[in-house]
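What follows is one structure encoded as structure tokens, with my remarks underneath.
The values are calculated or read from the model by the stated rules, or taken from the named source; none is laboratory data. None of these values were measured; they are calculated from a predicted model. Neighbour counts are summed over all protein chains in view; Cβ atoms, including those assigned to glycine, are modelled from backbone coordinates with ideal geometry. Side chains included, ligands, DNA and RNA excluded: accessible areas come from the protein's heavy atoms. Shrake-Rupley method; radii C 1.70, N 1.55, O 1.52, S 1.80 Å.
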Amino acid sequence: DLYVDGLDYFAFPARKLVYDACRARRIPITFAVPLGMGAAVLNFLPDGPSFDDYFCLDGHPEHEWPARFLVGLAPALLHRGYLAYPEIVDFATQRVPSTGLACQLCAGMAGTEALKILLGRGKVRAVPRSTQFDAYTGTLKHVVRRGGNRHPLNRLAIAYVNWRLARAAR
């Protein structure tokens, strides 16, 4: 009835296969990811954009996929201002930090979305809409980016993430 994505951040080929299989069977997907001291949640509904349509990974080198995925998940990048050690983020070695607090927020956010989808109650924000909550800053953002990572603001955010990571690696 519903797929709750609990795959590792870097499991792109597996995630694409699972999302395509769910889409073919018209199974909705909810996905939450820990980010800093917060979380972002996305819902993929059968009639909405696909994983490929939203994240736009195909046609880009695989080493760019983690940054593209991050921006698609959380275009507001609410956690960017307080990351004490940005050099700890290392997409090349598949190392990204998360806190227990963020994982708990993910569970709550994904559980709530699952409940709304399964019971058909409440407003379900589906891609191209994303929701990010950051407990550290106390900020909740609902972002709509039609075209996903094709959107000009997402493309700018991808460039920013790549620049910031390259600077931290020096």
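Key figures for this structure:
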read-out: Residues of the stretch 145-170 satisfying the condition of being open to solvent by 70 Å² or more (accessible area, probe 1.4 Å) and among the hydrophobic types (A, V, I, L, M, F, W, C); value: LEU153, LEU156, TRP163, ALA169
read-out: Selected residue [assigned to a strand (DSSP E or B) and open to solvent by 10 Å² or more (accessible area, probe 1.4 Å)] from ALA32, ALA21; value: ALA32
read-out: Boolean, ALA102 is modelled with pLDDT under 90 and under 16 Å from the mean Cα position of the chain (by Cα); value: no
read-out: Failed condition for PHE91, given (1) over 26 Å from LEU140 (Cβ atoms); (2) hydrophobic (A, V, I, L, M, F, W, C); (3) open to solvent by 40 Å² or more (accessible area, probe 1.4 Å); (4) at pLDDT below 90; value: (3)
read-out: Selection from the stretch 115-126 of residues that are assigned to a helix (DSSP H, G or I) and either surrounded by fewer than 15 Cβ atoms within 10 Å (Cβ to Cβ) or within 16 Å of the chain's Cα centre (by Cα) (or both); value: LEU115, LEU118, LEU119
read-out: In the stretch 1-15, residue most open to solvent (accessible area, probe 1.4 Å) [restricted to those that are within 15 Å of LEU118 (Cβ to Cβ) and touching a residue at least 40 places away in the same chain (Cβ under 8 Å)]; value: ASP1
